[in-house]
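Asks: Below you will find the structure I want to go over with you.
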Amino acid sequence: MTEPGHTSPGGRLGDPEIEARLARIDDVLAGLESAPGPTVRSALEAVGLLTEVYGEALARVLAQAGPSLARQLTDDELLGHLMVLHGIHPESPEQRAARAVERLRPAVRERGGDVEWAGLDGQVARVRLSTGGGCGGGCGSGSGAVDVTEAVREAVLAAAPELTAVEPVPEERRAAPAFVPLGSLTRRDGGAARTREST
């Protein structure tokens, strides 16, 4: 992985490099916030102003984009996060969370489970989650169930950080309908008819 301050071949940053830089930014800002002095306050103000200007630039790009390009921009994970950060994402938190669940669905199904968006309850996302074996997200005790539940939670909150939590909705257990074989009805009716004929 390239060191902070360097770019990967072609001048573009890959996801690992971006993650490393974001983590470093958090560390640097945390250090600055805990340090006293007017120089630190000026540095933090400069970061805040620069962030606002970049946010405005991104908003102008989004405003000029047609529907197709806007969708491509919002589909990019980094750009999507920046749009959320600046409050300019064209999709609502519920739409973003629902899309995050749909993106995870194939991977969860590969593991024998399933996940489905179940809506919002205030600021809490609700998902219908099964982890295999017909058990809802709240009853899995194995590490696999915990991993799937955590992956869904992280994906939803990353896409919609405005939400406060992700809760599984228990699977509905529907009673099996009473089933009477058609043949038994026919035999019963025929037997009754024969009884009537013999009397």
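The values are calculated or read from the model by the stated rules, or taken from the named source; none is laboratory data. Bear in mind that the values here come from a model prediction, so they are computed numbers and not experimental data. In this analysis, Cβ positions are derived from the backbone assuming ideal geometry, glycine residues included, and neighbour counts consider all displayed protein chains. Remember, those area values only see protein heavy atoms, side chains included, never the ligands or the DNA or RNA. Shrake-Rupley method; radii C 1.70, N 1.55, O 1.52, S 1.80 Å.
Asks: Residues that are part of a loop (DSSP other than H, G, I, E, B) and surrounded by 12 or more Cβ atoms within 10 Å (Cβ to Cβ): does segment 48-65 have at least one? Please lay out each step first, then the result.
Replies: Of all residues in segment 48-65, those part of a loop (DSSP other than H, G, I, E, B) come to 65.
In the following step, the residues that additionally are surrounded by 12 or more Cβ atoms within 10 Å (Cβ to Cβ) were identified as 65.
The answer is yes; a qualifying residue exists.
Condition check ((1) closer than 21 Å to GLU77 by Cβ; (2) modelled with pLDDT of 90 or more; (3) of a type outside the set (Ser, Thr, Tyr); (4) loosely packed, with under 10 Cβ neighbours inside 10 Å) across all residues:
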{"position": "PRO4", "(1), (2), (3), (4)": "yes, no, yes, no"}
{"position": "SER8", "(1), (2), (3), (4)": "yes, no, no, no"}
{"position": "LEU22", "(1), (2), (3), (4)": "yes, no, yes, no"}
{"position": "ILE25", "(1), (2), (3), (4)": "yes, yes, yes, no"}
{"position": "LEU32", "(1), (2), (3), (4)": "no, no, yes, no"}
{"position": "ALA43", "(1), (2), (3), (4)": "no, yes, yes, no"}
{"position": "ALA46", "(1), (2), (3), (4)": "no, yes, yes, no"}
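Asks: Could you look through segment 149-180, keep only residues that are at pLDDT 90 or above and part of a loop (DSSP other than H, G, I, E, B), and pick out the one that is surrounded by the fewest Cβ atoms within 10 Å (Cβ to Cβ)?
Replies: Applying the filter and picking the extreme gives THR164.
Asks: What residue, among those in segment 78-89 that are without any contact (Cβ under 8 Å) to a residue 60 or more places away in the chain and of a type outside the set (Gly, Ala, Ser), is most open to solvent (accessible area, probe 1.4 Å)?
Replies: LEU85
Asks: Next up: Picking from ALA118, ALA98, which residue would you name as being aliphatic (A, V, I, L, M), surrounded by fewer than 19 Cβ atoms within 10 Å (Cβ to Cβ) and either closer than 28 Å to LEU62 by Cα or touching a residue at least 40 places away in the same chain (Cβ under 8 Å) (or both)?
Replies: ALA118
Asks: Then there's this: Answer yes or no: is there a residue in segment 127-148 that is charged (D, E, K, R), at pLDDT 90 or above, surrounded by 15 or more Cβ atoms within 10 Å (Cβ to Cβ) and in a helix (DSSP H, G or I).
Replies: no
Asks: Shifting gears a bit: Going by the structure shown, is ARG109 part of a helix (DSSP H, G or I) and in contact (Cβ under 8 Å) with a residue 40 or more places away in the chain?
Replies: no
Asks: Moving on to the next point. Scan segment 106-115 for residues that are of a type in the set (D, E, K, R) and open to solvent by 50 Å² or more (accessible area, probe 1.4 Å) and jot them down.
Replies: Answer for segment 106-115, where residues must be of a type in the set (D, E, K, R) and open to solvent by 50 Å² or more (accessible area, probe 1.4 Å): ARG109, GLU110, ARG111.
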